[in-house]
Amino acid sequence: MHRPHLKHHLRSAAFLLVVCSLIAAAVMLWWANRTGLPESWRRAIETEASEHGAHVEIGALSYLPFTGLIASDVRVFSDSFRRRELSQVQRVILDFDKSKLARGIFRLTKVELSDATLRLPVDPEKPDAEILEMTAVNGTILMRGGRLLEVREARGNIAGITLTLGARILGYRDGIDGPEVDPEEGKRRQLVARVVRELENWRFGGDKPPEARIFIEGDVNDRSTFVARMTLDAPRVEKHGHELSDVSAEAGLDGEVVTFTSIRAKDPKGELMARVDYDMGKREGRFDAVSTLEIPRLFEAWLGIGLPAETQIAGDQTLEAEGSFSLPENARPEVRMTGGVRCASLKLKGVPFQSLETAFASADGDLYLRDLRLEHAEGTASGKILIDDGVVRLMLSSSLPPAVWQPLFANQPLEKVLADFSVRDGWETDVVLEGEFDTRASHSWAFTGRGAIRNLSFRGVPVNKASCGFSLSHHKLDFFDGAVDFDYGDYPLRRAFDGPRQGSLAVKRILYDGRDGTVAVEEAVGNAWAAPVVRLFAASLADSLEKYRFHHPPALEASGLIDVTGKGRTSLDVSFLSRHPAAFDFLGKTLTLQSPVGQVAIRDREVTVENLKFSTFGGPVAARFDRKGGRLSGEMSWTRLSLPALASTYGFQVKGGGALTGRVDFALSGDRIADLDAKGLIGVDKAELFSVPMLGPLTPLVSGVLNDPQGGSQRAKSAFFTFDIKEGVLSSNDFQTTTTS
């Protein structure tokens with residue numbers, strides 16, 4: 001009867017014991033997790049980890065049912081003395097060999113990371129300084145016995161990239177306290193930090209973030225045995241507004257050398273394919289690449305290298321390059337490379353070119369372009385260019401018209417010179433030059449060379465061909481050893497007198513001094529009309545020379561100085577000689593001058609013609625003229641001019657023939673004879689001035705009997721007199737003549 005009660009009490013006692021045990025276990029577990037599992041456990045686990053080559057310090061150790069032991073605030077060091085901190089992990093799950101754990105032996109078999117944060121100090125000597133942080137880390141580390149460690153599918157996020165890591169690593173051998181401290185470890189961490197900081201400037205688009213996968217094998221006792229395989233895939237990557245798509249890379253690590261066997265990327269213009277080798281110990285590498293990407297935006301956004309000012313590239317672009325680089329500590333990367341570039345549809349300061357092609361070499365910020373070729377709709381330019389610290393040195397040959405180069409010299413004296421050129425049908429240019437300019441100083445430039453042109457015009461003067469050497473700078477334009485063939489097909493004097501269709505001129509030097517505002521002409525010699533020659537330099541002076549209308553281009557020699565500032569310093573001397581006639585307006589009539597020869601002196605706006613000699617009205621004439629403003633003055637002397645021809649030209653009546661000899665000093669304002677003032681002397685010979693009736697009233701009767709109108713009369717055939725002309729009226733007070741009687 002007591003047995004049922006005993007059983008009941010025993011069951012109650014057992015239940016209470018279990019409940020109390022559970023409560024006690026829970027309290028003990030809570031207390032242990034609250035205060036941390038015993039220090040001996042942490043030391044045992046740390047010792048066990050060191051057996052696998054991981055020197056750790058566990059901040060706290062706890063246990064969760066159905067999960068296992070949890071190690072918190074874990075710090076990993078490079079050696080047992082804990083001198084260099086390698087990483088920090090907030091929370092890991094530890095798994096041990098249960099059979100050995102029951103005997104109090106800690107045999108670590110697995111470490112699990114679950115949504116952990118991994119912190120890597122950039123400088124192991126300064127763990128509290130810059131930190132690399134990897135978040136949302138999940139993965140498993142297996143320790144199957146011996147020295148082998150396996151990392152399976154460890155995943156995390158760093159700088160917006162999902163990183164997946166796998167590894168098979170041999171830990172430290174028994175009795176060895178790890179390898180010596182690697183002096184390059186910190187530099188490698190800094191390199192990684194530099195890469196991560198760069199990644200922070202990138203933006204990743206697409207449906208999923210970029211993913212990198214790394215698998216590592218090696219023996220921690222011998223770093224030279226480490227090898228790794230890496231891949232990277234990113235649907236879209238953007239930096240500073242320029243987006244690349246389908247970015248991928250494949251790489252391998254062999255000891256200290258990282259080899260990117262393939263790097264690929266695309267943008268709307270094309271594709272990039274590259275290969276890179278990098279020695280992490282030496283911080284040096286090599287690369288080769290072929291790209292059809294949009295070079296200007298790529299270089300500016302991704303490398304911070306902008307194109308020269310006012311340069312635009314819109315067409316297809318191809319870049320082939322190979323070279324080496326180094327990443328010095330706390331300094332900008334150093335890149336040395338060679339290769340070639342081909343671009344279509346580009347503009348230089350608004351000038352459109354169809355294509356550019358060049359080989360290049362770059363080192364220490366300098367850029368050398370060789371085999372450069374620029375294609376334009378109207379010609380080509382080729383040569384080589386060296387860019388050194390903002391100074392551009394170049395050698396070019398060009399078949400382009402001057403108008404193409406004009407915008408490149410905006411606000412420079414050469415711009416005005418180029419603007420004066422215009423092309424004609426069948427034009428050609430051939431210019432070879434070399435020199436340099438400073439991109440930081442607009443006035444610092446200088447070029448020398450030689451040029452030849454065909455069928456161009458300069459300041460409205462058509463030229464069949466011309467050639468010269470030149471030396472050009474901001475302040476001086478020096479053209480020397482020049483030769484010009486002028487085109488006179490449409491020149492009014494040629495049409496008026498059926499002259500030759502061309503003329504030629506050789507010039508020793510023409511020097512424009514921008515500071516002084518003058519053009520110096522030295523030894524210009526040839527057969528050419530004077531006005532077109534002078535029009536090349538001073539249009540206003542050329543207009544005054546148009547008055548001397550040679551039927552054919554005279555032989556010319558010219559030297560002197562032309563003032564282009566209007567300060568009155570012009571001093572130009574021109575001598576001429578012609579075997580053909582020239583037309584000259586004198587006293588309101590056009591005279592034909594035979595075989596004229598003389599010198600023209602131009603001083604400011606005054607023109608003086610000296611030592612002028614020619615033939616007209618059948619006799620020789622020597623003269624001197626001055627034209628100042630609208631006033632013409634001078635002196636003339638002549639011998640035996642035809643009186644009938646002179647009378648016919650100036651519209652007065654004479655009987656018979658006769659000749660005039662004399663001289664005159666004159667001044668004339670305007671072109672009207674009524675305004676003429678002059679004085680001089682005239683001798684008349686063999687002319688019929690008048691008849692003297694020698695028989696008085698019987699003279700007509702004698703003339704009738706003799707049937708001779710002059711019968712009984714004597715003719716005055718010669719005369720001499722001085723004269724004055726005032727406002728077109730001639731007067732003389734000493735007219736003298738004689739007859740035979």
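The values are calculated or read from the model by the stated rules, or taken from the named source; none is laboratory data. Please read these numbers as outputs of a predicted model, since none were measured by experiment. We place every Cβ from the backbone using ideal geometry, glycine too, and count neighbours over all the protein chains shown. Ligands, DNA and RNA are excluded from the accessible area calculation, which covers all protein heavy atoms including side chains. Shrake-Rupley method; radii C 1.70, N 1.55, O 1.52, S 1.80 Å.
Give the value in nm², to one decimal: projected area of the alpha carbon convex hull of segment 235-373, averaged over all directions.
8.9 nm²
Given 37 °C and 0.692 mPa s, how large is the Stokes-Einstein diffusion coefficient of segment 509-627 in µm²/s, with Rh as the Kirkwood radius over Cα pairs?
Here the translational diffusion coefficient equals 224 µm²/s.
Using a 1.4 Å probe on the protein chains only, how many percent of the accessible area of segment 378-476 belongs to carbon and sulfur?
54 percent
Convert each backbone phi in segment 452-458 into a coupling constant with the Karplus relation 6.51 cos²θ - 1.76 cosθ + 1.60 (shift: θ = phi - 60°), then list the ³J(HN,Hα) values in order as whole Hz, x for Gly and Pro.
9, 9, 9, 6, 10, 10, 10
So how many Å³ per residue does the convex hull of the Cα atoms of segment 209-258 work out to?
Looking at segment 209-258, the number lands at 86 Å³ per residue.
Using Cα-Cα distances under 8 Å and only pairs 6 or more residues apart, what relative contact order does segment 221-363 have, in percent?
Computed over segment 221-363, the figure is 15 percent.
For H551, what residues show an amide H to amide H distance below 5 Å, using hydrogens built from the backbone and excluding near sequence neighbours?
Result for H551 returns A582, A583.
Set the bar at 19 Å for Cα to Cα. Now go through K239/K349; K547/K589; K239/K347; K567/K628; K347/K476; K239/K269 and name every pair that lies beyond it.
Listed pairs above 19 Å: K239/K349; K239/K347; K347/K476.
Just order 725-734, 644-653, 319-328 by mean Cβ neighbour count inside 10 Å, highest at the front, would you?
319-328, 644-653, 725-734
When only Cα pairs under 8 Å and 6 or more residues apart are kept, what is the percent relative contact order across segment 320-458?
Worked out over segment 320-458, it gives 15 percent.
In Å², what does the accessible area per residue of segment 354-439 work out to with a 1.4 Å probe?
Dividing the accessible area of segment 354-439 by its residue count gives 52 Å².
Mean separation of Cα pairs under 8 Å and 6+ residues apart, divided by the residue count of segment 403-543: what relative contact order is that in percent?
It rounds to 15 percent for segment 403-543.
Does segment 414-568 classify as rounded, prolate or oblate by the C-alpha gyration tensor (a ≥ b ≥ c root eigenvalues; a/c under 1.5 gives rounded; else a/b over b/c gives prolate, otherwise oblate)?
In terms of gyration-tensor shape, prolate.
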